[in-house]
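First comes the structure, then the notes that go with it.
The values are calculated or read from the model by the stated rules, or taken from the named source; none is laboratory data. As the structure is a computational prediction, the values presented were derived from the model and not from experiment. Here Cβ is always computed from backbone atoms with ideal geometry, including for glycine, and neighbour counts include all displayed protein chains. Side chains included, ligands, DNA and RNA excluded: accessible areas come from the protein's heavy atoms. Shrake-Rupley method; radii C 1.70, N 1.55, O 1.52, S 1.80 Å.
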Amino acid sequence: MRRREFLKIAAAGVAAAAYIRPVNAQSRKDTLLTLSENGPNNLDIHGVGTNRPGYEASWNTYDRLISYGVKKDENGNDHYDGAKMQGELAEDWNLTDSSVTFHLRKDAKFHDGTPVTANDVKWSFDRAVTVGGLPTFQMKAGSLEKPEQFVVVDDHTFRVDFIRKDRLTLPDMAVPVPIVINSGLAKKHATDQDPWAMEWLKNNEAGGGAFKIDKWTPGQEVTYLRFDDWKSGPLPKLQRVIWRTIPSAGNRRALMERGDADISIDLPPKDVAELAAGGKVKVVGTPIENAIQYFDMNVTMAPFDKVKVRQAIAYAIPYQKIMDAAMFGRGKPMFGRTGPLTEIDWPQPSPYTTDLAKAKALLTEAGVGEGFETVLSFDLGAAVINEPICELVQESLAQIGVKVTLNKIPGANWRAEFSKKTLPFSANVFGGWLTVPEYFFFWNYGGQNSIFNVANYKSAEMDKLIETARFEPDPAKYKQECLDFENLAFEDVPRIPIFQPLLDVAMQKNIMGYRYWFVRQLDYRQLEKV
Amino acid sequence: MVVLRRLASALPSIAGVIVVTFLLTRALPGDPAVYFAGPAASEQAVEEIRHKLGFDRSLPVQFIGYLKDLAHGNLGNSLSTGQPVSQELLTRLPASAELTFLALFLSVSIAVPLGIAAATRPGSWIDHTCRIFTTAGVSLPVFFTGLLLIYVFYYRMGWAPAPLGRLDIYSSAPPFYTGFYLIDSLIAGDFETFRAALSQLVLPAFSMAIFSLAPLARVTRASMLAALGSDFVRTAKAGGLSRARIVYVYAFRNAVLPVITTLGMVFSFLLGANVLVEKVFAWPGIGSYAIEALIASDYAPVQGFVLTMAMLYVLLNLGIDLIYSLVDPRVRITA
């Protein structure tokens with residue numbers, strides 16, 4: 001080919017390319033493009049190692065028996081209402097002391113058109129308590145432990161018998177785990193080795209939720225279509241949802257600012273703060289319930305075995321600096337409370353403030369006035385938040401003679417490291433699905449050595465209070481017990497709370513109906529583009 | 001025959017790669033069972049998962065199991081995406097390869113003429129341009145060039161499409177023939193998809209090309225300088241051959257061998273090391289796949305990735321050797 005010919009053809013090609021442009025404007029209004037850092041690794045929440053994006057896929061494609069109502073939070077945004085249970089697949093239910101009976105919607109169907117029956121519910125619940133791992137464990141948190149508890153009364157009536165009276169039983173049936181699976185479809189793909197069709201449901205969805213999976217390309221994209229026959233709630237406004245995995249936070253931000261994407265979660269605090277200030281997109285930050293970013297001090301290791309040393313450190317944390325310089329204000333402060341505790345809703349702010357003179361005095365009282373050396377460990381997987389926080393603490397503690405070395409632990413390693421419980425000083429975050437305080441304390445301050453009690457804190461008094469509160473029938477006594485263990489935690493301070501993290505969601509201004517859910521992922525059912 | 005013998009000589013290295021990757025992935029810090037048990041799992045839940053994944057068995061038993069699977073062409077399952085590794089590699093390798101080929105094509109078509117021009121006019125402005133390009137190319141990290149290009153051409157100017165991977169969200173992938181979207185869309189006669197795929201490719205391909213043209217331009221320039229200063233070129237000049245004939249036929253053909261060697265190196269390097277570009281452009285390639293697997297201590301994809309790369313290197317070296325013997329009859333392949 002001659003050069004001139006080549007140029008001619010190339011020019012024609014460019015012209016042709018410019019001529020053909022996809023025009024798809026009207027479908028854009030019914031289509032939502034959402035971005036996140038990671039996509040699901042499994043469509044089945046009962047699966048082995050299903051990640052948090054996997055919860056989002058499951059949450060939107062499967063129904064549960066019951067769900068929560070909605071309320072406005074303090075900033076006027078929609079927030080699920082933990083106090084108001086409402087039916088999803090169940091129309092209503094009767095709660096007695098020994099059991100709860102659900103009446104299923106008679107017109108509910110799965111995505112393949114088969115009607116939803118109580119047998120499907122039983123099969124799904126049996127599966128959740130049998131397959132092990134997260135689902136079984138989560139069911140246990142609501143005293144749902146044995147298949148015998150789940151009884152099919154007739155096609156549309158399903159009963160759960162209690163093995164003990166537990167105030168978490170009903171709330172636990174509205175978390176993402178107890179989904180209702182199309183058991184007929186799933187059983188077709190079950191084998192002798194795999195009676196619960198774990199393999200098949202990993203890549204295929206057999207639900208009856210408001211959205212069905214159109215296509216899943218692992219690591220890249222999930223596309224959903226609305227299930228038009230959905231009966232468990234008002235029909236969603238969106239007809240199609242496209243969920244792209246964009247690993248680079250900078251690009252997610254650019255896509256949002258350019259208006260090419262509709263909604264994004266998982267943005268770093270700095271980007272969120274700047275997006276919120278920029279005014280081009282809407283940013284909603286909801287405090288994540290029952291979650292705290294904190295420092296743990298290992299009470300079995302000197303010098304943290306002394307209460308005064310722990311209190312000294314709590315007075316030497318540069319709280320406000322952390323909020324301003326590391327978090328850009330994207331967090332709810334959990335320090336500097338002046339009066340006594342009056343509310344029990346966890347988390348509550350600690351009474352500590354930055355007071356280096358007091359810290360120094362406490363260290364002297366404890367006999368380590370000359371200071372000491374320690375190692376502060378944190379998870380590199382969340383380095384965007386952890387690294388600046390830990391550096392600020394390093395700098396501040398140096399002023400009271402405490403020399404801190406930072407130990408950065410890679411994400412894959414972090415859990416294994418902190419569960420050994422040999423870290424003297426560490427930064428971490430914890431959040432629970434269920435919001436009652438005793439649930440948080442059971443995991444984090446309980447003496448039965450849960451893996452989240454990284455401080456190795458053990459107190460007979462604390463254990464007694466948590467245990468009594470969990471099964472306390474009298475509300476007034478319950479409140480007092482909660483106040484007592486919360487105060488004890490601040491007094492003994494094995495853990496220094498810093499702030500309650502926010503779930504930050506950036507969205508275009510024409511996106512309406514965003515609702516915060518404890519799953520910390522998006523619920524497409526309420527979203528709409530106007 | 002020669003080719004077969006040459007291939008056979010690669011077998012020991014592949015066997016070595018299999019053993020080493022198996023042991024190395026096991027030596028990685030981190031515990032996949034703990035990682036995949038999720039944040040709220042109990043000790044017992046972790047043990048259950050460990051058993052399910054087979055990591056509670058001894059290393060030799062695990063290794064034999066691995067070899068058996070390998071013999072059946074089964075590379076295992078990735079835990080983080082939940083898919084068979086062989087299938088993932090098969091869909092992701094073309095994505096990386098398409099990007100790499102295009103980058104390499106761009107970089108050769110810029111670097112070689114630039115190198116030749118610089119060598120024929122040493123000390124001129126074009127030589128200095130070449131020097132600036134090569135220095136800038138090696139000193140700018142790929143992800144930085146990528147981010148810069150996105151910032152300028154997408155965020156500021158709005159010329160380039162959103163960095164959303166291989167296709168924008170309103171196009172769908174062409175039917176599978178080769179896995180290369182450009183080729184597949186042409187086979188299907190779907191010019192709209194071709195245009196969409198090409199426009200997504202431009203920025204990542206350029207950021208990789210800018211990085212890889214540096215070694216190519218330098219080697220071209222150096223070996224051209226050597227060839228132009230050699231006796232046969234002086235003879236050709238004395239014989240009164242035209243300048244174009246001297247430069248392109250005699251000098252370049254002799255100077256091209258080191259360029260091809262470098263090309264092979266650059267290619268294999270780009271294929272494996274374009275992780276950062278893939279991350280920046282949300283490109284679903286094998287580099288980003290391997291990195292994600294490493295972070296999650298996900299053994300099977302890491303093993304599969306290293307094995308695939310080892311195979312590719314073997315094939316690539318073979319290809320380069322074959323090209324050598326075509327370009328220069330003095331080079332003969334011996335095992």
**chain B: angle of helix B:125-139 to the longest principal axis, Cα-based, in degrees nearest 10** = 10
**Request:** Return the value, in Å² to the nearest 100, of accessible area buried between chains B and A (probe 1.4 Å, both sides summed).
**Result:** 4000
**Prompt:** Roughly how big is the protein assembly as shown's charge dipole about its Cα centre, with Cβ charges of +1 (Lys, Arg) and -1 (Asp, Glu), in debye to the nearest 20?
**Reply:** 4160
**Sparse-neighbourhood loop sites, chymotrypsin sites (Phe, Trp or Tyr not before Pro) in region B:108-167 - DSSP loop, at most 16 other Cβ within 10 angstrom** = B:Trp159
**Item:** Average accessible area per residue (Å²) across chain A - probe 1.4 Å, nucleic acids and ligands excluded
**Value:** 40
**Request:** Treating only the Cβ atoms of Lys and Arg (+1) and Asp and Glu (-1) as charged, compute the dipole magnitude of region B:59-167 about its Cα centre; round to the nearest 20 debye.
**Result:** 200
**Request:** Take the Cα radius of gyration of region B:76-208 and divide it by 2.2 N^0.38 Å, with N its residue count; two decimals is plenty.
**Result:** 1.29
**Message:** Suppose we look only past 16 Å in the calculated P(r) of region A:183-261. What percent of the Cα-Cα pairs does that tail hold?
**Reply:** 65
**Angle in degrees between helix B:43-53 and the longest Cα principal axis of chain B, rounded to the nearest 10** = 60
**Item:** Within chain B, helix-based [θ] at 222 nm, where runs of 4 or more DSSP H residues each add -39,500 (n - 2.57), nearest 500
**Value:** -23000 deg cm²/dmol
**Complete:** Largest-first ranking of A:His111, A:His46 by accessible area, probe 1.4 Å, whole protein assembly kept, is A:His111, A:His46
**Prompt:** From the backbone phi of region A:437-451, what are the Karplus-calculated ³J(HN,Hα) couplings (6.51 cos²θ - 1.76 cosθ + 1.60, θ = phi - 60°) in whole Hz, Gly and Pro given as x?
**Reply:** x, 5, 5, 4, 5, 4, 6, 9, 10, x, x, 7, 6, 5, 5
**Message:** As a test of the formula, what do you get for chain A when each DSSP H run with n ≥ 4 contributes -39,500 (n - 2.57) and the sum is divided by the residue count, at 222 nm and rounded to the nearest 500 deg cm²/dmol?
**Reply:** -9500 deg cm²/dmol
**Prompt:** To the nearest 10 square angstrom, how much accessible area does A:Arg330 have with a 1.4 angstrom probe?
**Reply:** 40
**Request:** For region A:235-241, take each phi angle, set θ = phi - 60°, evaluate the Karplus expression 6.51 cos²θ - 1.76 cosθ + 1.60, and give the result in whole Hz per residue in order, putting x for glycine and proline.
**Result:** 4, x, 6, 6, 9, 9, 10
**Request:** Just grab the label-to-label distance for A:Arg258 and B:Ala10, each label 7 Å out from Cα along the Cβ direction, in nm (one decimal).
**Result:** 3.9
**Asked** Can you give the accessible area of B:Phe101 in Å² (nearest 10), computed on protein heavy atoms with a 1.4 Å probe?
**Response** 100
**Request:** Pull up all non-local amide H partners of A:Leu503: gap of 5 or more, or a different chain, and H-to-H distance under 5 Å with H placed in the peptide plane.
**Result:** A:Thr286, A:Ile288
**Request:** May I ask which residue of B:Pro113, B:Val302, B:Leu79 lies farthest towards the positive end of the charge dipole of chain B, with charges of +1 (Lys, Arg) and -1 (Asp, Glu) on Cβ and the Cα centre as origin?
**Result:** B:Pro113
**Simple Cβ-charge dipole of region B:212-335, Lys/Arg +1 and Asp/Glu -1, about Cα centre, in debye nearest 20** = 880
**Asked** Ignoring any ligand, DNA or RNA, what whole percent of the accessible area of region A:197-320 comes from carbon and sulfur when the probe is 1.4 angstrom?
**Response** 48
**Request:** Quote the relative contact order of chain A in percent (integer), defining contacts as alpha-carbon pairs under 8 Å separated by 6+ residues.
**Result:** 18
**Fill in**
Karplus ³J(HN,Hα) for region B:99-111 (6.51 cos²θ - 1.76 cosθ + 1.60, θ = phi - 60°; Hz, whole; x = Gly/Pro) runs 4, 5, 4, 5, 4, 5, 4, 4, 5, 5, 6, 9, 5
**Prompt:** Which of the GluC sites (Glu not before Pro) across region A:28-86 are loop residues per DSSP, with 10 or fewer other Cβ within 10 Å?
**Reply:** A:Glu74
**Positive dipole terminus of chain A, leading residue within A:Ile265, A:Leu406, A:Gly339 (C-beta point charges)** = A:Ile265
**Shape category assigned to chain A from the gyration tensor of Cα positions, a/c cut at 1.5** = oblate
**Prompt:** What do you reckon, how do A:Phe372, B:Phe55, B:Phe22 stack up by accessible area (1.4 Å probe), largest on top?
**Reply:** B:Phe55, A:Phe372, B:Phe22
**Mean Cα-pair separation over length for chain B, i.e. relative contact order, pairs under 8 Å, 6 or more apart, %** = 28
**Asked** Between the helical axis of B:59-71 and the dominant principal axis of chain B, each derived from Cα atoms, what acute angle in degrees is found, rounded to the nearest 10?
**Response** 60
**Asked** What residues qualify as long-range amide H neighbours of A:Tyr352, i.e. H under 5 Å apart, gap of 5 or more or another chain, H built at 1.01 Å from N?
**Response** A:Gly336, A:Arg337
**Request:** Please work out how much accessible surface A:Asp379 shows to a 1.4 Å probe, ignoring ligands, DNA and RNA, in Å² rounded to 10.
**Result:** 30
**Request:** Find, among the GluC sites (Glu not before Pro) in region A:278-383, those assigned to loop by DSSP (not H, G, I, E, B) with at most 16 other beta-carbon atoms within 10 angstrom.
**Result:** A:Glu343, A:Glu370
**Item:** Dipole of the protein assembly as shown [Lys/Arg +1, Asp/Glu -1 at C-beta], most positive-end residue of B:Val17, A:Ala316, A:Gln480
**Value:** B:Val17
**Request:** Measure of size requested: the Rg and Dmax of chain B, with Cα atoms as the atom set and Å as the unit; please supply both.
**Result:** 23.8, 86
**Complete:** Counting sequence-distant residues (5 or more places) and residues on other chains, those with an amide H built under 5 Å from that of A:Leu33 are A:Ile242, A:Asp262, A:Ile263
**Asked** Can you list the residues of region A:209-236 that have at least 40 square angstrom less accessible area with all protein chains present than in their chain by itself, probe 1.4 Å?
**Response** A:Pro218, A:Gln220
**Request:** Could you grab the Rg to Rh ratio for region A:443-520? Cα atoms only, Kirkwood for Rh.
**Result:** 1.15
**Fill in**
Given a Förster distance of 35 Å, the FRET efficiency implied by the Cβ-Cβ spacing of A:Lys215 and A:Leu406, rounded to the nearest 0.05, works out to 0.20
**Request:** Determine the shielding of peptide A:415-423 by partner chains: average, over its residues, the number of Cβ atoms on other chains within 10 angstrom of each Cβ.
**Result:** 3
